[in-house]
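Student: This is the structure I have questions about; it appears just below.
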Amino acid sequence: MKKTKTKTTAKQPAQKYIFIVGGVMSGVGKGIASSSIATLLQARGHKVTAMKIDPYINVDAGTMNPTVHGETFVLKDGLETDQDMGNYERFLNTDLPNINYMTTGSVYQSVIQKERNLEYNGLCVEVVPDIPLEVIRRIKQAGAEAKADVVQVEVGGTVGEYQNVLFLEAIRMMKSEEPENVAVVMVSYLPVPGSIGEMKTKPTQTAVRTLNNAGVFADMIVCRSPIGVDDKRKEKISKFCNVKVENVISAPDVKNIYEIPLNFEEDKLSLQLTEILNLPMKQAVDLKAWRQFVNSSKVENDVVKIAVVGKYFNSGDFVLSDVYLSVLEAIKFSAYKLKLKPVISYLSAHDFEDKAQLKKLKNYDGILVPGGFGKTGIEGKLNVIEYARKNKVPYFGLCYGMQLAVLEYAQNVAKLKDASTEEINPNAEHLVIGVMAEQKDKIANKEMGGSMRLGQYPANLTKGSVAAKAYKSQSILERHRHRYEVNPEYIPLLEEKGLRFSGKSPDSTLMEIAELPLEDHPFFVGVQFHPELQARPLDPHPLFTAFVKAAYETIK
């Protein structure tokens with residue numbers, strides 16, 4: 001009898017998981033460390049996807065106060081997330097899906113919904129193990145959807161916080177099930193007290209023991225510090241924290257966060273992680289493009305001064321620039337591409353409610369008004385926009401910054417003195433900015449969380465317009481986050497007075513871009529969307545580049 005050969009298929013390599021946790025204090029830089037590690041593994045030829053776990057009961061980041069939590073970053077598919085998701089997208093130069101972000105609230109919501117749908121088949125649903133199991137399910141789903149070699153997961157907060165316990169339990173369960181496929185990296189802080197003058201390792205030792213108490217053991221420790229970590233401290237951490245000395249990575253403070261992947265690689269971080277996870281050696285680390293970008297950021301001549309006028313900068317005695325993180329980075333990327341040094345000033349809109357303060361703007365080459373909500377600072381922003389328009393200072397308005405540019409034009413050029421936005425004064429005679437039709441019932445029913453126009457939408461551009469020339473295209477895809485829009489009833493009047501709506505939704509109902517022609521102004525553009533969300537170090541956004549270029553050319 002003739003034997004038939006059975007076809008054998010190669011076994012698919014196991015997916016690898018890297019968990020990033022924080023020690024000693026918050027704000028230690030886990031997000032940038034995570035992004036840098038992912039960048040290095042990607043540079044080794046591995047397919048990497050990055051995730052963030054936030055230990056908040058909020059279902060998403062859209063309802064969090066920006067002056068407390070920082071910028072809300074909107075993904076392509078519309079989920080409102082933590083700003084670290086923006087870091088991942090920028091460093092990896094990729095779009096990430098909503099499965100890559102979770103909060104405590106979203107995890108509990110999923111488990112409760114499954115229980116209501118009888119998906120637990122009558123079993124008692126418990127915090128442990130059902131919440132950690134849902135976390136694990138999401139992590140594995142994200143890896144499967146991305147077809148990733150490595151799934152990197154940052155756990156928000158600091159070990160020892162009560163909110164993190166269930167996520168640490170998920171790590172423990174995964175490590176127990178697949179020890180060869182899971183690595184844990186702790187990003188900790190080594191202070192150098194001024195009164196002592198010595199780098200101290202004890203806080204990190206304590207953080208590691210706290211992590212161990214949860215049944216999780218670090219494979220690598222990234223040591224954040226004001227200065228580089230010397231060999232003596234590395235050996236001490238190795239001995240007392242039970243990690244190999246070569247897996248203690250120095251991460252001193254840097255002026256430019258984009259240098260961090262290069263610094264990590266000097267300590268052979270990617271090689272150590274490759275060995276810990278037994279990853280195949282696909283290729284040598286290729287950081288050529290990244291090095292070129294970092295080198296371009298070191299330009300010292302040809303300065304361009306940009307004023308960002310926002311309402312969220314002041315936080316007590318401090319300036320919270322993280323509220324507009326993506327905007328600030330987008331300006332930098334475009335400036336570096338143009339071989340310019342950006343000097344960005346954070347100015348509070350409140351200050352310009354007094355028109356006498358507008359003289360401060362003479363020191364700047366370009367003015368940008370970012371997005372925001374509510375009445376606070378609106379008069380100051382309107383004064384700034386009027387100044388930029390009249391004095392022909394390049395102006396770029398994002399979302400609310402576009403709506404206010406239209407409103408300023410309606411008040412001062414179209415002479416609609418009572419013109420306003422429905423968000424601020426719903427009883428105004430001329431509601432030049434009105435609530436979107438799809439949003440009216442949501443506002444009336446107080447369905448506010450996650451209900452704005454969110455995510456990526458297409459738009460068509462007018463041929464020959466400032467925007468079309470910048471994009472070098474007449475069709476675009478951009479991300480949105482808003483409830484209000486330019487009232488279509490006022491478009492004929494505004495256009496008659498010289499304002500051009502050069503970008504519109506495919507059905508021409510939503511005004512996506514407003515601009516003044518180049519013969520009237522060197523650059524006056526407002527956009528209803530958030531272009532900063534798609535700006536990348538290696539792929540700057542064309543509108544930001546056009547704005548920065550115009551700002552620089554006005555001073556030549």
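Student: For region 389-406, indicate whether the set of residues that are over 17 Å from VAL527 (Cα atoms), assigned to a loop (DSSP other than H, G, I, E, B), out of contact with any helix residue (DSSP H, G or I) (no Cβ under 9 Å at 6 or more places or on another chain) and not aromatic (Phe, Trp, Tyr) is non-empty.
Tutor: Yes, region 389-406 contains a residue that is over 17 Å from VAL527 (Cα atoms), assigned to a loop (DSSP other than H, G, I, E, B), out of contact with any helix residue (DSSP H, G or I) (no Cβ under 9 Å at 6 or more places or on another chain) and not aromatic (Phe, Trp, Tyr).
Student: So which of PRO280, PRO252, PRO261 ends up being surrounded by fewer than 21 Cβ atoms within 10 Å (Cβ to Cβ) and touching a residue at least 60 places away in the same chain (Cβ under 8 Å)?
Tutor: The unique qualifying residue is PRO280.
Student: Still on this model: May I ask you to say which residue of LEU41, LEU96 is in the same structural domain as ARG172 (by TED's automatic domain parsing), part of a loop (DSSP other than H, G, I, E, B), buried (at least 23 other Cβ atoms within 10 Å of the Cβ) and of a type outside the set (Ser, Thr, Tyr)?
Tutor: Residue meeting the stated conditions: LEU96.
Student: Name, by its number, the condition in (1) farther than 17 Å from THR39 by Cα; (2) in contact with a Ser or Thr (Cβ under 9 Å, 6 or more places away or on another chain); (3) not small (Gly, Ala, Ser) that does not hold for VAL243.
Tutor: The one condition VAL243 does not meet is (2).
Student: Now for a separate question. Check ALA514, ALA468 and return the single one that is among the hydrophobic types (A, V, I, L, M, F, W, C) and either touching a Cys at 6+ places or on another chain (Cβ under 6 Å) or closer than 23 Å to ASN412 by Cβ (or both).
Tutor: ALA514
Student: Yes or no: region 20-33 includes at least one residue that is in a loop (DSSP other than H, G, I, E, B), without any contact (Cβ under 8 Å) to a residue 24 or more places away in the chain and at positive phi.
Tutor: Looking through region 20-33, at least one residue is in a loop (DSSP other than H, G, I, E, B), without any contact (Cβ under 8 Å) to a residue 24 or more places away in the chain and at positive phi.
Student: Let me confirm something: among VAL216, VAL192, which residue is among the hydrophobic types (A, V, I, L, M, F, W, C) and touching a Lys or Arg at 6+ places or on another chain (Cβ under 7 Å)?
Tutor: The conditions single out VAL216.
Student: Now, a different point. Could you tell me whether any residue of region 307-318 is touching a Gly at 6+ places or on another chain (Cβ under 8 Å) and free of Cβ contacts under 8 Å to residues at least 40 places away in the same chain?
Tutor: No, because not a single residue in region 307-318 is touching a Gly at 6+ places or on another chain (Cβ under 8 Å) and free of Cβ contacts under 8 Å to residues at least 40 places away in the same chain.
Student: Take ALA414 and tell me if it is part of a loop (DSSP other than H, G, I, E, B), of a type outside the set (S, T, N, Q), assigned by TED's automatic domain parsing to the domain that holds THR545 and closer than 29 Å to GLU519 by Cα.
Tutor: Yes; evaluated as a whole, the condition is true for this residue.
Student: Looking at region 493-512, can you tell me whether even one residue there is at pLDDT below 95, acidic (Asp, Glu) and assigned to a helix (DSSP H, G or I)?
Tutor: No.
Student: So which residues in region 360-380 are of a type in the set (Asp, Glu) and either within 18 Å of GLU423 (Cβ to Cβ) or in a helix (DSSP H, G or I) (or both)?
Tutor: Within region 360-380, GLU379 is the sole residue that qualifies.
Student: Any idea which of LYS497, LYS504, LYS469 is over 27 Å from SER420 (Cα atoms) and surrounded by fewer than 21 Cβ atoms within 10 Å (Cβ to Cβ)?
Tutor: Of the residues listed, the single one that is over 27 Å from SER420 (Cα atoms) and surrounded by fewer than 21 Cβ atoms within 10 Å (Cβ to Cβ) is LYS469.
Student: Condition (residue is within 26 Å of ALA207 (Cα to Cα) and in a helix (DSSP H, G or I)) applied to region 137-147: is it met by at least one residue?
Tutor: yes
Student: Hey, another quick one. Scanning region 523-556 for residues that are in a helix (DSSP H, G or I) and small (Gly, Ala, Ser), which turns out surrounded by the fewest Cβ atoms within 10 Å (Cβ to Cβ)?
Tutor: Within region 523-556, the match that is surrounded by the fewest Cβ atoms within 10 Å (Cβ to Cβ) is ALA546.
Student: Find the strands (runs of 3 or more DSSP E) located wholly in region 240-359 whose residues include 2 or more that are of a type in the set (Val, Ile, Thr) and in the same structural domain as PRO66 (by TED's automatic domain parsing), and list them.
Tutor: Fully inside region 240-359 and qualifying: 248-252.
Student: Please state which of the following conditions VAL159 fails to meet, knowing it meets all the rest: (1) over 21 Å from ILE136 (Cβ atoms); (2) in contact (Cβ under 8 Å) with a residue 40 or more places away in the chain; (3) in a loop (DSSP other than H, G, I, E, B).
Tutor: Here VAL159 clears every test but (1).
Student: Residue check, GLU386 against (1) among the charged types (D, E, K, R); (2) touching a strand residue (DSSP E or B) at 6+ places or on another chain (Cβ under 9 Å); (3) modelled with pLDDT of 95 or more; (4) surrounded by 17 or more Cβ atoms within 10 Å (Cβ to Cβ), all met but one. Which one?
Tutor: For GLU386, the failing item is (2).
Student: While we're looking at this one, here's another question. Looking only at region 44-70, how many residues end up being over 16 Å from MET85 (Cα atoms) and in a loop (DSSP other than H, G, I, E, B)?
Tutor: Residues meeting the conditions: 7.
Student: Filter region 452-475 down to the residues that are touching a residue at least 24 places away in the same chain (Cβ under 8 Å) and of a type in the set (S, T, N, Q), then identify the one that is farthest from TYR395 (Cα to Cα).
Tutor: The extreme case among them is GLN456.
Residue by residue, here is whether (1) more than 30 Å from the chain's Cα centre (by Cα); (2) closer than 27 Å to LEU96 by Cα holds:
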position: LEU166; (1), (2): no, yes
position: SER188; (1), (2): no, yes
position: SER195; (1), (2): yes, no
position: THR201; (1), (2): yes, no
position: SER238; (1), (2): yes, no
position: ASN242; (1), (2): yes, no
position: LEU262; (1), (2): no, yes
position: GLU266; (1), (2): no, no
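Student: Looking only at region 362-379, how many residues end up being surrounded by fewer than 19 Cβ atoms within 10 Å (Cβ to Cβ) and either farther than 27 Å from VAL74 by Cβ or not aromatic (Phe, Trp, Tyr) (or both)?
Tutor: Final tally of qualifying residues: 6.
The values are calculated or read from the model by the stated rules, or taken from the named source; none is laboratory data. These numbers come from a predicted model, not from an experiment. Here the Cβ is made from the backbone with ideal geometry for all residues, glycine too, and neighbour counts use every protein chain on show.
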